[in-house]
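Computed from the coordinates by the stated procedures, all read-outs in this text should not be read as laboratory data. Computed from a predicted model, the values in this text were never measured in an experiment. Positions of Cβ are backbone-derived with ideal geometry, glycine not excepted, and every protein chain shown enters the neighbour counts.
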Amino acid sequence: MRYSLRQLEVFLATAKTENISAAARQLAMSQSAASGSLGELEKIFDVQLFERVGKRLRLSQFGAQLRPQAENLMEQAREFEQAISGKEVVGHLKLGATLTIGNYLAVGMIARFRQLFPQAEVALSVANTEAIAHRVRHFELDVGLIEGELQDPELESILWREDELQVFAAPGHPLHKNRSISDAMLLQQAWIVREPGSGTRQTFDRAMHGILPDLEISMELQHTEAIKRAVEAGLGVGCLSKICLQEAFARGSLVPLAVPARDFKRQFHIIVHRKKFRNEALTQWLNLCMNL
């Protein structure tokens with residue numbers, strides 16, 4: 001074999017950090033050793049894997065084509081190392097989830113996964129749909145659980161489970177006892193909603209088609225709890241997943257508003273890179289998701 005796994009590690013770390021010094025630190029190497037390893041790999045096969053853009057190293061078109069294969073080779077090598085060491089094959093899983101899923105569903109799922117596979121290592125990252133998709137696309141996450149709809153040729157999007165948004169307000173809000181809130185009433189409200197790029201905002205915008213440009217969006221916040229607190233303080237009305245409002249409705253700190261004329265239904269999706277090697281941890285996690 002004309003290349004080493006260490007050279008692949010340097011290649012992938014540099015692709016992730018876009019900086020040879022940062023890649024070296026990540027791999028506990030000297031900068032000169034990392035630079036030499038990468039240079040040797042390019043020299044052996046007479047290829048250019050990176051292009052220098054300012055102070056950054058960006059993958060060349062050829063390097064970008066090779067990255068999925070390199071990621072998969074390293075993943076298989078880690079599985080082989082575990083197996084030959086006599087360790088449980090279900091290894092590590094880098095999981096990404098959007099805020100509603102990450103805060104209200106994923107932790108319980110991870111606990112269940114760890115019950116089934118006690119030796120498994122699971123790292124959870126929580127961000128909006130756009131950010132999670134970016135990290136899955138660049139192999140920084142093995143799998144993503146997202147709230148938004150996604151069209152990306154590099155990612156496989158799997159229908160997972162149904163969800164529905166709910167418009168809500170503070171107790172005593174003038175619209176609380178209305179059985180059906182009209183569009184005219186919606187237009188009179190100050191709205192506190194998620195930021196663009198989130199799956200919740202995507203569903204909200206779609207549900208409000210026809211009147212969206214005329215809605216008063218008073219605040220855009222990145223966290224569901226911040227939106228709930230702002231609505232509790234009487235700063236406006238909100239719209240979030242029913243999943244994250246159940247406890248607040250039960251204790252009476254927030255109240256649902258009836259908007260039957262608008263469709264707030266949506267689907268949660270699982271996203272995986274189409275070229276991602278599905279190791280045992282990823283395979284078992286997908287099985288768990290689909291069987292809940």
Value of D in µm² per second that Stokes-Einstein yields for the chain, Kirkwood Rh from Cα pairs, at 20 °C (1.002 mPa s): 99 µm²/s
Percent of beta bridges antiparallel (DSSP, the chain, rounded to nearest 5): 60 percent
Semi-axes, largest first, in whole Å: what does sqrt of 5 times each Cα gyration tensor eigenvalue give for region 46-168? 29, 24, 12
Show me the helices of the chain, taken as full DSSP H stretches, that run 20 Å or more along their long axis by Cα and average 0.0 or above in Kyte-Doolittle hydropathy. 31-45
Treating the beta-carbon of each Lys and Arg as +1 and of each Asp and Glu as -1, no other charges, what is the dipole magnitude of region 66-181 about its Cα centre, to the nearest 20 debye? 500 debye
So, with points 7 Å from each Cα along the Cβ direction, the Ser125-Ser182 label distance in nm works out to 4.8 nm
Once you have a ≥ b ≥ c as the square roots of the Cα gyration tensor eigenvalues for region 110-190, tell me rounded if a/c is under 1.5, and otherwise prolate or oblate according to whether a/b is larger than b/c. prolate
What shape does region 5-66 have by the C-alpha gyration tensor, where a ≥ b ≥ c are the square roots of the eigenvalues, rounded means a/c under 1.5, and otherwise prolate means a/b greater than b/c and oblate the rest? oblate
At 7 Å along the Cα-to-beta-carbon direction for both Phe80 and Arg274, put a label point, then send me their distance in nm to one decimal. 2.8 nm
Sketch the reach of a paramagnetic label on Arg6 as a point 7 Å from Cα along Cα-to-Cβ, and name the residues of region 33-50 whose backbone nitrogen lies under 14 Å away. 33-41
About the Cα centre, charge dipole magnitude for the chain (Lys/Arg +1, Asp/Glu -1 at Cβ), debye: 280 debye
About its Cα centre, how strong a charge dipole does region 177-292 have in debye, to the nearest 20, once Lys and Arg get +1 and Asp and Glu get -1 at the Cβ? 500 debye
For each pair in Lys228/Lys276; Lys55/Lys228; Lys228/Lys265, compute the distance between the two Cα atoms and list the pairs where it is over 31 Å. Lys228/Lys276; Lys55/Lys228
How long are the semi-axes of the equivalent ellipsoid of region 164-267, defined as square roots of 5 times the Cα gyration tensor eigenvalues? Whole Å, largest first. 18, 16, 13
Charges on Cβ only, +1 for Lys and Arg, -1 for Asp and Glu, centred on the Cα centroid of the chain; of Gly36, Val259, His138, which one is farthest towards the dipole's positive end? Gly36
Counting only Cα, what are the radius of gyration and maximum Cα-Cα distance Dmax of region 207-250, in Å? 11.6, 33
To the nearest 0.05, how large is the calculated FRET efficiency for Asp205 and Gln115 if R₀ is 35 Å and r is the Cβ-Cβ distance? 0.35
